[in-house]
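K.L.:
Quick one: this structure, given as structure tokens, is what I'll be asking you about.
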Amino acid sequence: MILVYSALAVGAVALAVIVLLAIRLLREPQGNPRMIEVAGYIREGVNAFIRRQYKSILLSVAALLIPFAFFDIRLAFSFALGSFLSLLAAYLGLRIAVEANVRTAYAATSSPLKAFRIAFSGGAVMGLSVVSLSLLGVGSLYLLYNDPFPIISFGFGASLAALFAQLGGGIFTKAADIGADLVGKVERHIPEDDPRNPAVIADLVGDNVGDCAGRGADLFESISDDYITAIILTTLLFGRFRSEIMAFPFLLGATGILSTIATIAFMRRWHGKKPILTFNIGLLLMATLCIIGALISCILTIGDLKIFLTTVAGLIASLAVGIAVQYYMEINGRVIHEVAESSKGGAAINILTGMAYALQSPFMPVLIIAAAVIVAYFLTGGSIYGILAVNLGTDLAIGFIMSSDAFGPICDNAGGIAEMSQTRTIGLDELDALGNTTKAYTKAFATSSGMVSTMMMFITYAQLVNLYEDSGNLLNPPYIAGLLIGAILPFVFSSMAIKATSKAAYKIVDEVRRQLKKNPAILEGKAKPDYARCVDIATKYALKRMMAPGMLAIVSPIVIGGLLGKYVLGAMLLGCLIASVVLSPFFIFGGGIWDNAKKYIERKFWMKYTLVHEAAVTGDTVGDPLKDVAGPSLNIFMKLTAITALLIAQFLV
């Protein structure tokens with residue numbers, strides 16, 4: 001037990017580091033009055049959205065507390081704690097990211113290196129919040145209960161809150177982004193982040209609520225679910241809830257936190273001139289420290305070096321997904337050049353070319369993860385614990401990866417603030433480009449991590465309900481029907497998410513057109529647009545449309561399991577997993593390809609506001625809801641569906 005307490009102590013240290021980083025960041029100067037004014041608009045928009053979104057989520061959580069309390073008060077407490085900590089982790093990172101953007105912009109007026117440090121420190125608050133609160137939450141419940149069952153609802157609460165946060169934030173940000181681009185760039189030929197565009201503040205707000213809060217909640221529930229499946233499987237495999245082996249996942253979590261803290265300290269003191277080089281060195285240092293920590297954790301608990309090797313295989317697999325990101329989304333790479341070149345043939349050719357590459361993009365990530373799982377299976381002689389170690393290995397770098405993800409919107413916002421305040425900066429474009437790369441990497445990382453997490457939740461479900469007792473059921477027509485139902489659910493979910501974004505974007509487009517037509521002085525720079533109106537519209541429609549897709553993930557396993565039994569539900573989970581791990585990277589890579597093809601064309605200034613540029617912008621707006629709404633949300637959808645099945649598993653036996 002002393003090892004578990006030691007791991008939780010590391011989580012507490014991380015909270016102290018978060019406070020220190022926040023204090024240091026808030027002491028940095030904010031810049032000139034115009035920069036402070038623009039940052040104030042973003043802050044107000046973020047506050048308005050988060051206040052209304054969190055109210056909607058908390059009302060949903062409160063409604064579900066009653067049935068949980070009816071069955072077991074421990075379930076209700078764990079569920080409430082999981083929801084609260086998920087939202088808290090996202091909120092802490094979001095608040096600091098909003099404060100870091102203007103300070104990054106001002107620092108870039110004199111020193112790109114200082115701007116990089118401020119932006120990454122701001123992102124580190126999000127990264128450390130996610131991993132520390134997850135470790136403290138699940139670890140405390142483990143110490144509190146003598147039963148793994150009540151802890152499952154912690155993961156359910158975290159997943160539910162994460163799905164609503166990702167969906168709501170994603171719909172908001174892409175509605176604003178599409179509205180700003182279609183009217184601003186295509187119709188009015190206004191540059192990106194131009195203060196004359198009424199939707200520009202909503203777009204900058206969306207970067208925070210989508211990429212910071214949404215992704216933070218996503219990775220929080222991912223690592224929390226992995227702790228929970230580790231607790232359940234260890235109990236089932238070894239027959240003891242309190243054992244030294246149980247400390248293994250918590251020590252790995254502590255290893256990831258300590259490695260993240262050390263890497264952040266290194267990057268704050270590194271004097272490299274190229275941000276991308278600094279990021280890559282940091283990633284290499286992070287991986288090295290995690291491997292050393294994993295070895296120590298394995299020796300102290302399990303004592304089997306094969307488990308250590310499978311843990312490292314999971315870490316390497318999760319990081320190797322970056323190879324696919326660089327191949328498909330590197331702005332100077334062959335794929336982006338070809339899609340950009342195809343824009344000369346119009347929007348349809350741009351979309352078809354991008355879609356062709358998007359369709360092949362899931363192959364590499366799935367192959368990498370499958371290879372890690374197969375290696376673990378044979379290396380450990382078919383042990384389920386070997387695959388569990390792979391899953392835990394994919395979580396080791398979450399703190400650093402989430403820090404680099406939040407770094408992206410901070411730099412994006414900093415660029416917007418500099419543009420709107422007409423402030424000259426040095427190297428901010430390079431930081432923004434790195435931020436776009438890290439955001440794409442995090443989405444791909446979340447997909448690969450979610451792939452193994454959901455696989456482990458399916459294996460855990462199979463163990464709990466003993467699916468192996470009658471393998472003949474796998475060939476029965478009801479099982480095949482369950483497989484088909486599970487495979488179609490991600491498509492239905494994606495349809496609902498994309499349609500919601502489309503409707504919200506139409507409202508933004510209509511509002512931007514209305515303002516520019518009603519008051520021509522806005523385009524002349526003689527009148528200020530009504531930024532708050534666009535923020536309000538995006539908020540209203542995002543929150544209105546986020547509930548239905550979320551309920552699909554909860555209701556479907558309950559209905560299928562209740563009506564058709566544990567075998568058909570198991571088949572549904574498997575079908576949902578297979579479809580989701582193919583659709584999610586298709587959406588994420590496809591949207592990233594179209595986005596970077598547009599950016600590549602915009603770098604060639606002579607191509608701006610031409611038919612070629614319009615075709616690329618159209619492709620980008622098609623890809624926006626795919627890469628920032630449907631794709632990331634699918635990662636949570638498949639995990640929420642699986643954790644719901646775990647929650648009801650004991651009633652199906």
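K.L.:
Can you find a residue that is part of a helix (DSSP H, G or I), touching a residue at least 24 places away in the same chain (Cβ under 8 Å) and touching a Cys at 6+ places or on another chain (Cβ under 7 Å) anywhere in the stretch 401-409?
P.N.:
Within the stretch 401-409, one or more residues are part of a helix (DSSP H, G or I), touching a residue at least 24 places away in the same chain (Cβ under 8 Å) and touching a Cys at 6+ places or on another chain (Cβ under 7 Å).
K.L.:
Assess whether Gly382 counts as being in contact (Cβ under 8 Å) with a residue 40 or more places away in the chain, surrounded by fewer than 18 Cβ atoms within 10 Å (Cβ to Cβ) and at positive phi.
P.N.:
For Gly382, the condition - in contact (Cβ under 8 Å) with a residue 40 or more places away in the chain, surrounded by fewer than 18 Cβ atoms within 10 Å (Cβ to Cβ) and at positive phi - is not met.
K.L.:
Let me ask another. Among the residues of the stretch 475-495, is any of a type in the set (Ser, Thr, Tyr), surrounded by fewer than 16 Cβ atoms within 10 Å (Cβ to Cβ) and within 32 Å of the chain's Cα centre (by Cα)?
P.N.:
Checking the stretch 475-495: at least one residue is of a type in the set (Ser, Thr, Tyr), surrounded by fewer than 16 Cβ atoms within 10 Å (Cβ to Cβ) and within 32 Å of the chain's Cα centre (by Cα).
K.L.:
Within the stretch 349-368, can you find the residues that are touching a residue at least 24 places away in the same chain (Cβ under 8 Å) and either of a type in the set (A, V, I, L, M) or in contact with a Cys (Cβ under 7 Å, 6 or more places away or on another chain) (or both)?
P.N.:
Residues satisfying the conditions are Ile349, Ile351, Met355, Ala358, Leu359, Met364, Val366, Ile368.
K.L.:
Looking at Ile374, Ile351, can you tell me which residue is among the hydrophobic types (A, V, I, L, M, F, W, C) and surrounded by 17 or more Cβ atoms within 10 Å (Cβ to Cβ)?
P.N.:
Ile351
K.L.:
Still on this model: Among the candidates Leu113, Leu85, Leu64, single out the residue that is more than 18 Å from Leu163 (Cα to Cα) and either of a type outside the set (Lys, Arg) or modelled with pLDDT under 90 (or both).
P.N.:
The match here is Leu113.
K.L.:
Condition first: in a helix (DSSP H, G or I) and more than 28 Å from the chain's Cα centre (by Cα). Now tell me which residues in the stretch 26-65 satisfy that.
P.N.:
Correct list: Pro33, Arg34, Met35, Ile36, Glu37.
K.L.:
Kindly establish whether Ser449 is touching a helix residue (DSSP H, G or I) at 6+ places or on another chain (Cβ under 9 Å) and either closer than 24 Å to Val125 by Cβ or among the β-branched types (Val, Ile, Thr) (or both).
P.N.:
Considered against the rule, which asks whether it is touching a helix residue (DSSP H, G or I) at 6+ places or on another chain (Cβ under 9 Å) and either closer than 24 Å to Val125 by Cβ or among the β-branched types (Val, Ile, Thr) (or both), Ser449 comes out as yes.
K.L.:
So which residues in the stretch 411-431 are surrounded by fewer than 19 Cβ atoms within 10 Å (Cβ to Cβ) and among the hydrophobic types (A, V, I, L, M, F, W, C)?
P.N.:
Ile426
K.L.:
When you check Ile302 against the structure, is it among the β-branched types (Val, Ile, Thr), farther than 23 Å from Ala124 by Cα and in contact (Cβ under 8 Å) with a residue 24 or more places away in the chain, yes or no?
P.N.:
yes
K.L.:
I'd like to verify a number: residues in the stretch 102-119 that are more than 23 Å from the chain's Cα centre (by Cα) and in a helix (DSSP H, G or I), how many?
P.N.:
Residues flagged as more than 23 Å from the chain's Cα centre (by Cα) and in a helix (DSSP H, G or I) within the stretch 102-119 amount to 9.
K.L.:
Check Val19, Val98, Val13 and return the single one that is modelled with pLDDT of 85 or more, part of a helix (DSSP H, G or I), in contact with a helix residue (DSSP H, G or I) (Cβ under 7 Å, 6 or more places away or on another chain) and β-branched (Val, Ile, Thr).
P.N.:
Val98
K.L.:
Against the conditions (1) surrounded by fewer than 24 Cβ atoms within 10 Å (Cβ to Cβ); (2) at pLDDT 90 or above, where does Ala124 fall short? Just the number, please.
P.N.:
(1)
K.L.:
Here is a follow-up. Mind listing just one residue for me: the one in the stretch 606-648 that is aromatic (Phe, Trp, Tyr) and more than 30 Å from Ser556 (Cβ to Cβ) and, of those, surrounded by the fewest Cβ atoms within 10 Å (Cβ to Cβ)?
P.N.:
For the stretch 606-648, the residue satisfying everything is Trp606.
The values are calculated or read from the model by the stated rules, or taken from the named source; none is laboratory data. Note that the structure is predicted; figures quoted are calculated from it, not measured. Backbone-built Cβ (ideal geometry, glycine too); neighbour counts: all protein chains shown.
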